[in-house]
1. Which entries of 75/128; 48/97; 97/128; 100/128 show an alpha-carbon separation above 26 angstrom in the structure shown?
2. At residue 144 and residue 37, where each label point lies 7 Å from the Cα along Cα→Cβ, what is the point-to-point distance in nanometres?
3. Note down the Stokes-Einstein diffusion coefficient of the stretch 29-132 in µm²/s, whole number, using a Kirkwood radius over alpha carbon pairs, 20 °C, and 1.002 mPa s.
4. If you bin every alpha carbon distance in the stretch 89-148 into 5 Å steps from zero, what whole percent lands in each bin?
5. Please list, in chain and number order, the residues 5+ apart from residue 37 or on another chain whose amide H is under 5 Å from its amide H, with Hs placed from the backbone.
6. In the neighborhood of residue 109, defined by Cβ-to-Cβ distances under 10 Å, what is the net charge if each Lys or Arg adds +1 and each Asp or Glu adds -1?
7. List the residues, sorted by chain then number, that are 5 or more residues from residue 104 or on another chain and whose placed amide H is less than 5 Å from its amide H.
8. Using θ = phi - 60° and the Karplus relation 6.51 cos²θ - 1.76 cosθ + 1.60, list the HN-Hα couplings for the stretch 34-39 in order, rounded to whole Hz, with x at every Gly or Pro.
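Derivation of every value follows stated rules applied to the coordinates shown; laboratory data play no part. If you're wondering where the values come from, they're calculated on a predicted model, not measured in any experiment. As a convention, Cβ positions derive from the backbone with ideal geometry for all residues, glycine included, and neighbour counts pool all protein chains shown.
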Amino acid sequence: MKNKLTLIIFLVIMTAACRSNQDKGIPVVNLEALSSIPLDHSIEQLAKGNEFIDVTLPPNARIDELSQQELGLLKAAAYRFYHHVHLEGNQYQVDIKDPKSLHISEQVISAYEQAISSTNHFADSMAKAGQAIQLPVVSQDYLNRLLK
């Protein structure tokens, strides 16, 4: 029950983050939705490999408008990126010393960093409004769901 509640809260946070950034034209990926959309092909080898990943997203890109190939690339990139994200003090911290070592385009890394920033900002604003929420940990289970 607690996991389902956490999942729902995370989905709400990411949806709000996506909506707040659409006006700015920043391509933000809704990570919970991304992990829940099944693929028609395996991305495990790509996600765990070193092949360069680049996805050109139009401004205000929405997950439901992307092809299976684009979704696969984004999920593989998320898998690599989120191995370097941890929760500290109810804020997501990104620990990437050399972004080039991820073999992901700067645009995709920036989109994920913006999603992290928006989520952290949303959690802060909720806490300041007296409605503190606990952000979920980026778990191995979440990372594994991205591969499907």
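1. The pairs that break the limit, which is 26 Å between Cα atoms, are 75/128; 97/128; 100/128.
2. Those two pseudo-labels are separated by 2.4 nm.
3. Working: Rh = 14.7 Å.
This corresponds to a translational diffusion coefficient of 146 µm²/s.
4. In order of increasing distance, the bins hold 4, 15, 19, 23, 21, 11, 6, 2, 0 percent.
5. Here the answer is none, since no amide H 5 or more places off falls under 5 Å of that of residue 37.
6. Values: positive: 80, 100; negative: 106, 113.
Result for the neighbourhood of residue 109: 0.
7. So residue 104 has HN proximity to 53.
8. Each residue's phi maps through the Karplus curve to give 4, 6, 8, 8, x, 9 Hz.
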